[in-house]
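The values are calculated or read from the model by the stated rules, or taken from the named source; none is laboratory data. Bear in mind that the values here come from a model prediction, so they are computed numbers and not experimental data. Because the Cβ atoms are built from the backbone with ideal geometry, glycine has one as well, and the counts that use them run over all protein chains shown. For accessibility, only protein heavy atoms count, side chains too; no ligands or nucleic acids. Shrake-Rupley method; radii C 1.70, N 1.55, O 1.52, S 1.80 Å.
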4 protein chains.
Amino acid sequence: MIKVGIIGATGYTGIELLRLLLRHPQVQITLATSEKHAGKRIDNILPSFSGATDLVLEELNDDAITSKCDFAFSCLPHQSAMKHVAHWYAKGLKVVDLSADFRFASAETYAQWYEPHSKPELLSKAVYGLPELYRDQIKSAQLIGNPGCYPTGAILSLVPLLKAEAIIAESIIIDSKSGVSGAGRSASVDSLFSEVNDSFHAYKVGKHRHTPEIEKELTKAAGQSVVISFTPHLVPMDRGILTTMYAQSQPNGPKDTASVLKILHDAYKNEPFVKIMPEGILPKTKEVRGSNRCHIGAVYDPRTNRIVIIAAIDNLLKGASSQAVQNMNLMCGFEETMGLQALALLP
Amino acid sequence: MIKVGIIGATGYTGIELLRLLLRHPQVQITLATSEKHAGKRIDNILPSFSGATDLVLEELNDDAITSKCDFAFSCLPHQSAMKHVAHWYAKGLKVVDLSADFRFASAETYAQWYEPHSKPELLSKAVYGLPELYRDQIKSAQLIGNPGCYPTGAILSLVPLLKAEAIIAESIIIDSKSGVSGAGRSASVDSLFSEVNDSFHAYKVGKHRHTPEIEKELTKAAGQSVVISFTPHLVPMDRGILTTMYAQSQPNGPKDTASVLKILHDAYKNEPFVKIMPEGILPKTKEVRGSNRCHIGAVYDPRTNRIVIIAAIDNLLKGASSQAVQNMNLMCGFEETMGLQALALLP
Amino acid sequence: MIKVGIIGATGYTGIELLRLLLRHPQVQITLATSEKHAGKRIDNILPSFSGATDLVLEELNDDAITSKCDFAFSCLPHQSAMKHVAHWYAKGLKVVDLSADFRFASAETYAQWYEPHSKPELLSKAVYGLPELYRDQIKSAQLIGNPGCYPTGAILSLVPLLKAEAIIAESIIIDSKSGVSGAGRSASVDSLFSEVNDSFHAYKVGKHRHTPEIEKELTKAAGQSVVISFTPHLVPMDRGILTTMYAQSQPNGPKDTASVLKILHDAYKNEPFVKIMPEGILPKTKEVRGSNRCHIGAVYDPRTNRIVIIAAIDNLLKGASSQAVQNMNLMCGFEETMGLQALALLP
Amino acid sequence: MIKVGIIGATGYTGIELLRLLLRHPQVQITLATSEKHAGKRIDNILPSFSGATDLVLEELNDDAITSKCDFAFSCLPHQSAMKHVAHWYAKGLKVVDLSADFRFASAETYAQWYEPHSKPELLSKAVYGLPELYRDQIKSAQLIGNPGCYPTGAILSLVPLLKAEAIIAESIIIDSKSGVSGAGRSASVDSLFSEVNDSFHAYKVGKHRHTPEIEKELTKAAGQSVVISFTPHLVPMDRGILTTMYAQSQPNGPKDTASVLKILHDAYKNEPFVKIMPEGILPKTKEVRGSNRCHIGAVYDPRTNRIVIIAAIDNLLKGASSQAVQNMNLMCGFEETMGLQALALLP
């Protein structure tokens, strides 16, 4: 049983951590903070938790966190996260940070896409929290940079194909579509129901901050610098990211769909949370909603010699909070799937 | 560990039973039927279950059911249900029937709103599966008529107020709003996305078949015949029923909101799945989505001397499948909350 | 050709006025204001108007309005509206005010539900802008208080039944359901897509400010004081209000559905924008979306002797902006239906 | 004034034709057919038309069509369309066919992606009904093959860039996202609200029948054979297609966003229905919903030397029915924009 703090508990990723951890057999939530609702019972702000907790939301106080918790999840915004996390880290807490602050080994890359990093000395201590790629390092890490929502599906899909030299790195195009919860829970005209409902659009074309995070992992897998086109879109739905990826097949690469799927299947056949769809079945976001799953499908198109790979995740779960819990399970020596067995809520 | 069959596994209530029971610690699903998809693996039809089961869907065969199962959930349509259930019952299986066929003690009432009943002798054996009202009878029952989706919230809200003689029975008006999954998973123009999205309407005004089911329980609670106005509406959402109820306060009835809430709170204070909202908080369907909860709120309006009571459930869960599992837990001597602890999926 | 100003042009009712009036054959929009976007071209803020106008949004300036416009639509919030409208009115402009400030003859009623009124002397000059009830007064009015979104459907439905002494005034219950655009276009957590999508709830039970507006008109029609129960709900859709109304039939009132429909049909048979559904057909909000229509259906329930009346409007159109244009047409001697002939956008 | 028949009037494209043509100043609808609802008044089936027409739906009868109509819109399925259209054509009617049957000059291409063509002799008579490319031919045509919903936005976006030799034809990738109305109004489990709501997926990857229609026009523009990757997706919304297109900039092609936009702007500066978004603004489907518009935006990404072009249309309007009316206006010598001036319905 570990004592866990959720820092920033009333945003969407914080709410999901509450939901998952209140039912986790090895966790006791000892502290939850909220700038906006400090002093109020969680179940007064979020009635879905009535009867499940008597916890009162607190203001963010680093000393309270380090004295009450063994483990902290930070749902703070980037830049704010690094300052607080550094304090907890120094006191020996294990930390999963859900911001971008500890996702990059290079302070320069971070500075280029975000702002300058004030705790660069911590970057080499942090492990990128994608268990399917870095399980062993995560097990012994004290600090995890939890992946961004868009990168999770893209990286899981493309890394095995790059490692297998199946696709041409220069040709990769990533067209992603996300549910609105990805925009967070702050008041904003752009995320009002009547603005986004029954509508669809792209945003930040060529400029989204998840681009370097994806490129970093693809570069490692390819053994060469990979530069991608990445276009995010907003879907009028609560949850889910579907990522459609295009890449040219290498001259010696796969020339039918079954061969593409075999590479993916071989890479993930023992993974509890990554499922490769059989030929002819393509993933739907609803089929992973509420679960810690990533579903991947693929099609080889002989007309263009292109491979189309499609990945679906729940952006708040495998794209954020349940992936964070998966990391916690590994860091604490619990069963990796503990508290994460829920199947998708359908319909 | 019991051996369970799900009869009609690829409709929405069947899918929810699969989801819940595949993760239930005391259940082994030994059989699942589907008229439409017999012979196919469940996870080919429903990829959300990939990796969670190797089961192949079967045709409905009563002998297979009685030989492979200790317990059966019937998701068959009414009339078809009674025939098959009678067979399984005779062979000693415990059964929860999700149709209307075993919800009425009176074959006449059933005949008046549905069609004539072909197994009237079974009606006295069946228990109405609303655990908060009939827990003890359910524990010893072999056959349960699982409540309809609309009645669950309405009955749970009004019964305590009638028993407390707080409201005038003749004045009850029930205005209900349901998500589209309540219409089932059969092909139909009326349930197409583009027909119901961004739209709202009432249907079957004064004629809906859940009317007598509600009246039957209110009549018992009131100790006098209760006739209600009941109007169902369709909401462009997947899941959830919000029921808004109006009733005149008795001359000696409650004259403020706190008094109304006290009656409800006293009735349900020990119930794991019924939560009374504090004054000033009204239930939202999303706050119970994915859970076995019923949330109830109320307001007393001094201008009209009317009490407004509002109940929210997930129509596929407390309104159908998780309530069925709650009944199973009681019938089999398991912990009542086993496998039903999930908190609402929000957002 | 009249010169028209839209004051508050980038909220939802302002956007609808722009859309309607840019295509109105007798209107030239000479001014549009926006607190937030002053100085920017309309089509930069609202690309749906690209190519349709070169207008630049201005700050609110009463002198600019009175010098550039013959006619003004105010989409300002209540309290702010009354101050500015008084100025324009004094300069001879014709005005339709879409706030609550000129809907009440009684400054006391206004003060009781809103705040004290600072221009009570104008209340007797203003006409309540429901053309089906007050067409003649509107034609000669200089100032219109445009009805609230909820009252329009409720009043149009109940007034003929009260005038015909068909229903018992004390028994009226009004259960309304509105799309999210009714909450306006200001940043707010409660109206975020992920908060309201796939959810349904009631709000301001017994306290909504449209209550006295409805009661005022019902009282006039009944010739006696009418006090109602009114419950608004939020539907996860952009537009539309469906109002479900319950009332006891008078002892000599209608005892079948056809008789109820006849009263309504007789009242509106010459109205271009109010349509009574034939027996067996109930209105859907989508069937009036994008139009200036009010569709009304009804059912008499012999079991309870209650009449259920159901009305559907587009809350931004017949519930706000197109009703405002209908009023303008009457005030300016144009054809009443000019610019308002669009049929519902379906699906 | 022309006498117009709508053949297949109760599907989504037929409903839109009814809506537009009932308000078109030069059109009298003399006939409307419906296989399913023949014999019933239109407004009984579609109450949004109550008060707007007394027309009764008829069965499909070629002789009735040719005797009652000067002009026919066919909303029949492909294969069925060609047989009936040939009959009307022979009798001298002008026809816009909304199926795929007259979109291809080559019977072979049609046969390869659809089925063999039974009226190949008519293909050379038909004009592809994209007015921005073929205005002059349309003016003198008797038979129009109205474009598919996906091709309209893709072709309008890419043709000017290919003609200007701005992009490399081999590199074109087209990732499209459509609202659910594109799937039509037939009963189907896959289009049920609860299947597609809050979900997103791709379908027919590399195999969709609109592929050759796009390739045909791009090939003409490029002066060389163009083979594309085309991936359609389903968005949980009623209407709208957003198409995201990727292409490498030619060595001498545009190297900033302004240069890309200039090519597009020059191509469409006099077009009433195609609007190029200024730099920094990207189209949203809701901003064209209910209009005959195509909005196009673009971004040049120097990191990859790729151009990303994004087009938004209403799939039922510029993607089907209002484009058909635009063609009718041209064929009949009416003002091209007649009856098509409506601005987008927002929100």
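Treat every Asp and Glu Cβ in segment C:150-313 as -1 and every Lys and Arg Cβ as +1, leave all other atoms uncharged, and give the resulting dipole magnitude about the Cα centre to the nearest 20 debye.
Details: 19 positive and 16 negative charges, 44 e Å.
Once rounded to the nearest 20, the dipole reads 220 debye.
For A:His265, the solvent-accessible surface computed with a 1.4 Å probe is close to 90 Å², ligands and nucleic acids excluded.
Mind listing which trypsin sites (Lys or Arg not before Pro) in segment A:22-62 are in a DSSP loop and have 16 or fewer other Cβ atoms within 10 Å?
Details: sites: A:Arg23, A:Lys36, A:Lys40, A:Arg41; in loops: A:Arg23, A:Lys36, A:Lys40.
Within segment A:22-62, the qualifying trypsin sites (Lys or Arg not before Pro) (loop, at most 16 other Cβ atoms within 10 Å) are A:Arg23, A:Lys36, A:Lys40.
Could you tell me the center-to-center distance, by alpha carbons, between segment B:121-148 and segment B:165-186 in angstrom? Segment B:121-148 and segment B:165-186 have Cα centres spaced 21 Å from each other. Its alpha carbons considered, chain A gives a radius of gyration followed by a Dmax of 19.8, 63 Å. Pairs from the table (A:Lys139/A:Lys275; A:Lys177/D:Lys204; B:Lys3/B:Lys318; B:Lys177/C:Lys163; B:Lys207/C:Lys255; B:Lys177/B:Lys275) lying more than 25 angstrom apart at Cα are B:Lys177/C:Lys163.
Solvent-accessible surface of the protein assembly as shown, taken per residue with a 1.4 Å probe and all protein chains present: 32 Å². The modelled label-to-label distance between C:Glu115 and B:Lys125, using points 7 Å beyond Cα along the C-beta direction, is 7.0 nm. Distant-in-sequence amide contacts of A:Val27, defined by a placed amide H-H separation under 5 Å and a gap of 5 or more residues or a different chain, comprise A:Ile2. Which of D:Asn292, D:Gly5, D:Gln137 sits farthest toward the positive end of the charge dipole of chain D, with +1 on the Cβ of Lys and Arg and -1 on the Cβ of Asp and Glu? Going by the Cα projections, it comes out as D:Asn292. DSSP finds beta bridges in segment D:150-313, and of those with both partners inside it, around 75 percent are antiparallel.
Taking all protein chains in place and a 1.4 Å probe, what share, in percent, of the accessible surface of the protein assembly as shown do carbon and sulfur account for? Mind showing how you got there, number by number?
Values: 21110 of 44180 Å².
For the protein assembly as shown, the apolar C and S fraction of the accessible surface comes to 48 percent.
Rounded to the nearest 20, the Cβ-based charge dipole of segment C:271-347 about its Cα centre (Lys and Arg +1, Asp and Glu -1) stands at 300 debye. Computed over the protein assembly as shown, the P(r) tail beyond 42 angstrom holds 49 percent of alpha carbon pairs. Note on surface exposure: D:Val127, C:Val325 rank D:Val127, C:Val325 by accessible area, highest first, 1.4 Å probe. Given the whole protein assembly as supplied and a 1.4 Å probe, what does the accessible area of B:Arg19 come to in Å², nearest 10? Answer for B:Arg19: close to 30 Å² accessible.
Which whole-angstrom value gives the distance between the alpha carbon centres of segment B:202-239 and segment B:17-73? Distance between centres, Cα-based: 33 Å.
If you count the DSSP beta bridges with both ends in chain C, what percent of them are antiparallel, to the nearest 5? The partial results should precede the final answer.
Values: 26 of 55 bridges.
About 45 percent, rounded to the nearest 5.
Exposure check, 1.4 Å probe, all protein chains in place: B:Thr10 carries approximately 20 Å² of accessible surface. Once you reduce segment C:271-297 and segment A:267-342 to the center of their Cα atoms, the two points are 47 Å from each other.
Distant-in-sequence amide contacts of C:Ala72, defined by a placed amide H-H separation under 5 Å and a gap of 5 or more residues or a different chain, comprise C:Gly5, C:Lys94, C:Val95, C:Val96. Accessible area buried by the pairing of A and C, both sides summed with a 1.4 Å probe, works out to roughly 1800 Å². Once backbone amide H atoms are built at 1.01 Å from N, B:Val127 has B:Leu143, B:Ile144, B:Gly145 as its partners under 5 Å, excluding neighbours fewer than 5 places away on the same chain.
Counting only alpha carbon atoms, the long axis of helix B:321-332 and the longest principal axis of chain B meet at about 80°.
Among D:Ile228, D:Asn252, D:Leu282, flag the residue with its Cα farthest along the positive direction of the charge dipole of segment D:150-313, charges on Cβ as +1 for Lys/Arg and -1 for Asp/Glu. The listed residue farthest towards the positive side: D:Leu282. Per residue of chain D, the DSSP helices (runs of n ≥ 4 H) give a summed -39500 (n - 2.57) that works out to -8500 deg cm²/dmol at 222 nm. For chain B, the longest principal axis of the alpha carbon atoms and the long axis of helix B:80-90 meet at an angle near 70°.
Please state the charge dipole magnitude for chain D, taken about the Cα centre, from unit charges on C-beta atoms (+1 on K and R, -1 on D and E), reported in debye and rounded to the nearest 20. The partial results should precede the final answer.
Values: 35 positive and 35 negative charges, 63 e Å.
Dipole size: approximately 300 debye.
Across peptide C:46-58, the average count of Cβ atoms from other chains found within 10 Å of a residue's Cβ is 5. Label-to-label distance, B:Gln341 versus D:Ser186, with points set 7 angstrom from Cα along the beta-carbon direction: 4.9 nm. Between D:Asn270 and D:Asp136, the C-beta separation translates, for a Förster distance of 25 Å, into a calculated FRET efficiency of about 0.95. Once the Cα atoms are used to define both axes, helix B:12-21 deviates from the longest principal axis of chain B by about 80 degrees. Counting 0.36 nm for each residue step from D:Ala90 to D:Arg303 and taking away their Cα separation leaves a gain of 71.0 nm. Counted by Cβ distance under 13 Å from A:Asp70, the other residues give a net charge of +4, where Lys and Arg count +1 and Asp and Glu count -1. Taking a Cβ cut-off of under 9 Å around D:Thr33, the surrounding Lys, Arg, Asp and Glu residues balance to a net charge of -3, with basic ones at +1 and acidic ones at -1. If you sort A:Leu282, B:Leu17 by accessible surface, 1.4 Å probe, largest first, the order is A:Leu282, B:Leu17. Positive contributions from Lys and Arg (+1) and negative ones from Asp and Glu (-1), summed over other residues with Cβ under 11 Å from the Cβ of A:Leu192, come out at -4. For B:Lys207 and B:Glu165, the FRET efficiency from 1/(1 + (r/R0)^6), where r spans their Cβ atoms and R0 equals 22 Å, is about 0.15.
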